[in-house]
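Chemist: Dumping the structure here so I can ask a few things about it.
The values are calculated or read from the model by the stated rules, or taken from the named source; none is laboratory data. Just so you know, these numbers come straight off a predicted model, no measurement behind them. Note that we place each Cβ from the backbone using ideal geometry, even for glycine, and neighbour counts take in every protein chain shown. The protein model used for the area step is the full one, side chains on, heavy atoms only, and it has no ligands, DNA or RNA in it. Shrake-Rupley method; radii C 1.70, N 1.55, O 1.52, S 1.80 Å.
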Amino acid sequence: MPAPILIADSITRVGTDASGAVVVNASHGGVYAAYLAAKLKAVAAIFNDAGIGRDQAGIAGLDYLQEFGMPAAAVGHDSARIGDGSDMMAHGMITRANGLAVSLGVRPGQPCREAAAALTKAQPARHAPPEAPEAAFLLVVAPPQVWALDSASLVLPEHGQAIVVTGSHGGLLGGKPETALKYDVLGAIYNDAGIGKDAAGVSRLPALEARGIVAATVSAASARIGDARSTYEDGIISRMNARAAAFGLREGMRARDFVAALREALGQLP
């Protein structure tokens, strides 16, 4: 029997129904997202290439999944909105595929829906992935704390008085403002995923502005998507919201300098 096709706005929003399915998800194609797809026992996966970016991190998950026997591909960030699975299925065009996906008929330039159909012939992966290394790191202990989270899905209520630097893309899930961040924080930084179709890669910024949260993205070319410590160490701010501008922050800053300036400004508040 062919595998079913499951469409999702994010691999972090998928549950046990991914097992045995082709998961067309609008997450970036980095290693952490690929790990989640493998952990969920999908038979194949299609991601967004997130602008490919530094060290080709936006598609690094394709080779990762090849090692475990899972076919995987990515659509172009300029062909479908990152964070929007339905748009990806309707309009996405394949840019990259691993060897296993190619062997099933997936190729660059192919519509996502055709690639997904080809992947329904996939067999379960040969190996399960090892447990992922820790994906949350405390970078600055003194308040306001600074946390590096490889996925924004890892934000917790206790981060409310912290600045979170994430490896996630800056796109809303399904265009819904409430998906910008699960909990309020003092500030948040994302990867712009190449900005892409309809500027989806930075669409969280105005949604967080409405919640009074300082928010910015680093360029995909400057930092590895899916790697929060790269966001902090390597990232260059590409976009920010008006709340950030009100603190005197600016585009073009290094992310770590942006964070340091924000911490200083917050410390001067009454």
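Chemist: Go through 59, 11 for me and flag whichever is without any contact (Cβ under 8 Å) to a residue 40 or more places away in the chain, surrounded by 24 or more Cβ atoms within 10 Å (Cβ to Cβ), touching an Asp or Glu at 6+ places or on another chain (Cβ under 7 Å) and closer than 24 Å to residue 221 by Cα.
Modeler: Exactly one residue qualifies, and that residue is 59.
Chemist: For the range 178-222, which positions are out of contact with any helix residue (DSSP H, G or I) (no Cβ under 7 Å at 6 or more places or on another chain), polar (S, T, N, Q) and more than 18 Å from residue 154 (Cα to Cα)?
Modeler: 203, 219 - these are the residues of the range 178-222 that are out of contact with any helix residue (DSSP H, G or I) (no Cβ under 7 Å at 6 or more places or on another chain), polar (S, T, N, Q) and more than 18 Å from residue 154 (Cα to Cα).
Chemist: So which residues in the range 160-179 are part of a strand (DSSP E or B) and among the charged types (D, E, K, R)?
Modeler: The one that is part of a strand (DSSP E or B) and among the charged types (D, E, K, R): 176.
Chemist: Next question. Output the residues belonging to the range 78-120 that are open to solvent by less than 20 Å² (accessible area, probe 1.4 Å), touching a Pro at 6+ places or on another chain (Cβ under 8 Å) and in a loop (DSSP other than H, G, I, E, B).
Modeler: Listed by number, the residues that qualify are 92, 98, 106.
Chemist: Then there is this: Considering the range 126-159 alone, what residues qualify as being touching a residue at least 24 places away in the same chain (Cβ under 8 Å), in contact with a Leu (Cβ under 8 Å, 6 or more places away or on another chain) and part of a loop (DSSP other than H, G, I, E, B)?
Modeler: Result: 135, 144, 155.
Chemist: Kindly indicate whether residue 244 is under 30 Å from residue 34 (Cβ atoms) and surrounded by 17 or more Cβ atoms within 10 Å (Cβ to Cβ).
Modeler: No.
Chemist: Continuing with this model, one more query. Please list, ordered by first then second residue, the pairs with beta carbon atoms under 7 Å, 6 or more apart or interchain, first in the range 167-189 and charged (D, E, K, R), second assigned to a loop (DSSP other than H, G, I, E, B).
Modeler: Close Cβ pairs (under 7 Å, with a partner that is assigned to a loop (DSSP other than H, G, I, E, B)) amount to 182/155; 184/160; 184/211; 184/213.
Chemist: Something else: Could you figure out which of (1) out of contact with any helix residue (DSSP H, G or I) (no Cβ under 6 Å at 6 or more places or on another chain); (2) closer than 22 Å to residue 108 by Cβ isn't true of residue 13?
Modeler: (2)
Chemist: When you go through 224, 239 one by one, which is the residue that is touching a residue at least 24 places away in the same chain (Cβ under 8 Å), open to solvent by 50 Å² or more (accessible area, probe 1.4 Å) and within 13 Å of the chain's Cα centre (by Cα)?
Modeler: That would be 224, the only listed residue that is touching a residue at least 24 places away in the same chain (Cβ under 8 Å), open to solvent by 50 Å² or more (accessible area, probe 1.4 Å) and within 13 Å of the chain's Cα centre (by Cα).
Chemist: Additional query: Restricting to the range 81-107, what's the tally of residues that are closer than 13 Å to residue 117 by Cα and basic (Lys, Arg)?
Modeler: Going through the range 81-107 one residue at a time, the tally reaches 1.
Conditions (1) touching a Ser or Thr at 6+ places or on another chain (Cβ under 9 Å); (2) assigned to a loop (DSSP other than H, G, I, E, B); (3) open to solvent by 10 Å² or more (accessible area, probe 1.4 Å), marked per residue:
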| site | (1), (2), (3) |
| --- | --- |
| 17 | no, no, yes |
| 26 | yes, no, no |
| 36 | yes, no, yes |
| 42 | yes, yes, no |
| 47 | yes, no, no |
| 66 | no, no, yes |
| 74 | yes, no, no |
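Chemist: Scan the range 183-205 residue by residue and report those that are in a helix (DSSP H, G or I) and either surrounded by fewer than 24 Cβ atoms within 10 Å (Cβ to Cβ) or modelled with pLDDT under 95 (or both).
Modeler: Once the filter is applied, which keeps residues that are in a helix (DSSP H, G or I) and either surrounded by fewer than 24 Cβ atoms within 10 Å (Cβ to Cβ) or modelled with pLDDT under 95 (or both), the range 183-205 yields 197, 198, 199.
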